[in-house]
């Protein structure tokens, strides 16, 4: 493996960082909002799935438990 002196390393790092396309404030805001909305919808969905499974299981246990 070729060794690079620290000055060359820093120069290469700065060149690579310059190639990065940073998101705009608007893009960051929109994606953050979308993440929160999708997380909320997923939580609501799984709440109702859990409620449905729990109700079904309680019904089955009440039928066979009595």
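Laboratory data are not the source of any read-out in this text; all were calculated from the coordinates shown. Keep in mind that what you see is a predicted model, and the values were worked out from it rather than measured. Cβ placement follows ideal geometry from the backbone for every residue including glycine, while neighbour counts extend to all protein chains displayed.
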Ratio Rg/Rh [Cα only; Rh per Kirkwood] for region 3-49: 1.42
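Helix-only estimate, please: 222 nm mean residue ellipticity of the chain, summing -39500 (n - 2.57) across DSSP H runs of length 4 or more and dividing by its residues, to the nearest 500. Provide the component values of the computation, followed by the final result.
Numbers: 2 runs with 55 residues, N = 66.
One gets -30000 deg cm²/dmol as the mean residue ellipticity at 222 nm.
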Using alpha-carbon coordinates, inclination of helix 25-65 to the longest axis of the chain, degrees: 30
Approximate spin-label separation residue 11-residue 28, in nm, with each point projected 7 Å along Cα-to-Cβ: 3.1
Acute angle (nearest 10 degrees) that the helix 6-19 long axis makes with the longest principal axis of the chain, alpha-carbon atoms: 60
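Please give the length that would be gained between residue 55 and residue 4 if that part of the chain were fully extended, namely 0.36 nm times their separation in residues minus their C-alpha to C-alpha distance (nm, one decimal).
Values: separation 51, 0.36 × 51 = 18.36 nm, distance 6.53 nm.
Taking residue 55 through residue 4 to full extension adds about 11.8 nm, to one decimal.
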Per residue Cα convex hull volume in Å³ - calculated over region 27-66: 28
